[in-house]
1. Given the structure, is Ala164 of a type in the set (Gly, Ala, Ser), in a helix (DSSP H, G or I) and farther than 17 Å from Ile280 by Cα?
2. Given the conditions (1) buried (at least 17 other Cβ atoms within 10 Å of the Cβ); (2) modelled with pLDDT under 95; (3) not small (Gly, Ala, Ser), report the number of the one that Ile25 does not fulfil.
3. With (1) of a type outside the set (Ser, Thr, Tyr); (2) in contact with a Gly (Cβ under 8 Å, 6 or more places away or on another chain); (3) closer than 22 Å to Ile133 by Cβ as the list, and Ala213 as the residue in question, which single condition is left unmet?
4. Which of the residues belonging to segment 235-256 are hydroxyl-bearing (Ser, Thr, Tyr) and closer than 20 Å to Gln68 by Cβ?
5. Taking the options Val247, Val240, name whichever one is farther than 20 Å from Gly303 by Cβ, of a type outside the set (Phe, Trp, Tyr) and without any contact (Cβ under 8 Å) to a residue 24 or more places away in the chain.
6. So, in segment 167-206, how many residues would count as being in a helix (DSSP H, G or I) and either within 22 Å of Pro278 (Cα to Cα) or of a type in the set (Asp, Glu) (or both)?
7. Just need a number here: residues in segment 218-258 that are outside any helix (DSSP H, G or I) and of a type outside the set (Ser, Thr, Tyr).
8. Would you mind finding the one in Leu66, Leu38 that is touching a residue at least 12 places away in the same chain (Cβ under 8 Å), within 30 Å of Asp246 (Cα to Cα) and not hydroxyl-bearing (Ser, Thr, Tyr)?
Amino acid sequence: MKNLANAFLGGKEGAIGLAILAVLILLVMPMFLDIFRLNLMGKYLTFAFVAIGLVLCWGHGGILSLGQGIFFGIGGYCMAMFLKLEASDMQSTAAQTTPGIPDFMDWNQITSLPMLWEPFHSFGFTLFAIIIIPILLAFIIGFAMFTRRVGDVYFSIIMQAIVAILTILIIGQQGFTGGINGITDLKTLHGWDIRTDEAKYVLYYINALLLIAVIMISRFVLSSKLGRLLSAMRDKEERVRFSGYDVAMYKVFIFCFAAVVSSIGGAMFTLQVGFMSPTIIGIVPSIEMVILAAVGGRLSLIGAVYGAVLVNLGKTYFSEAFPELWLFLLGGLFIFVVMFLPDGLAGVYQKYVRPLFLKKKVADKPTPPPANDPEDIPEPVVEGGVK
């Protein structure tokens, strides 16, 4: 039981780090931030899901995916489709030419709901789709690439191409996807108004709790034999392959797992923000998602969360103060981290902060009593007297 708890919590030090994060996002932020800022922070935390997925597949698995926006978008669009159908009831759309369908479909002269949208009337199917669709897509991509030993920069370029194709497809099929504007004007979830302050508080807490749960599950995966194999494959892939392990399928698994984590983040983004757009999942956002993991530390699950929050805070500030320069500043930040902080914020902690605590523990540890002098140790007594 103790070993299982350590696997989920990451040992004593990991449990302390998780507890600090939980206090910050569950107590401190709701206590000191107004509802607008708290909702903004919730939006930042949804990107932390993607950063955690990248820590798993890039930091530990050696798979640099520049296309995690695909899976983030799948989760976001699945949730947005359900919410949009609920907002497009007959009463709300009575003024349309064709009542009962989303407004952007009516504007594009579509007269009936497409078959692709029909299953999303069900919330259960929507949750199922958020999990299964990214797994299927990631499996197809991963199996096709990893069984042919396509990796490194070639895999990254292919993922960027897939992101571009998906973005063009979404924008081009405006009548079915909302086009460049995306799916907007999302109001209720099973009749519960998600636009109220109370709903925003609830959704923030759900988002934060899901994030903590994902961190714990990810730690369990990394503490298992699979996690050790991932690190071995990252460093010496050929040696692992020659040892008899199916390297390709292990890579496929962790790639699918990272895709599901990113998809959950996308679904929570839609609930937190109230819309989903292709501008959130394009080439540039997908690269930004890698920056989140790099800044936080590509080997640290907790660091990924801090990296996501700090980078998005900087992005918000720079985009407001320097709208024409913020992309260059973001790129400069990435270059700085790669060159001078290769392990990100987690590396700074491990190198400079953690040793301070260890020195304090050593200083506080009582000095053991000196060993007895050999002459003070009594001779063993044997039968018949002293030997």
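The values are calculated or read from the model by the stated rules, or taken from the named source; none is laboratory data. Because the structure is a prediction, the values reported are computed rather than measured. Note that we place each Cβ from the backbone using ideal geometry, even for glycine, and neighbour counts take in every protein chain shown.
1. No, not satisfied.
2. (2)
3. (2)
4. Answer for segment 235-256, where residues must be hydroxyl-bearing (Ser, Thr, Tyr) and closer than 20 Å to Gln68 by Cβ: just Tyr250.
5. The conditions single out Val240.
6. 15
7. 3
8. Numbers: Leu38 fails: within 30 Å of Asp246 (Cα to Cα).
Only one candidate qualifies: Leu66.
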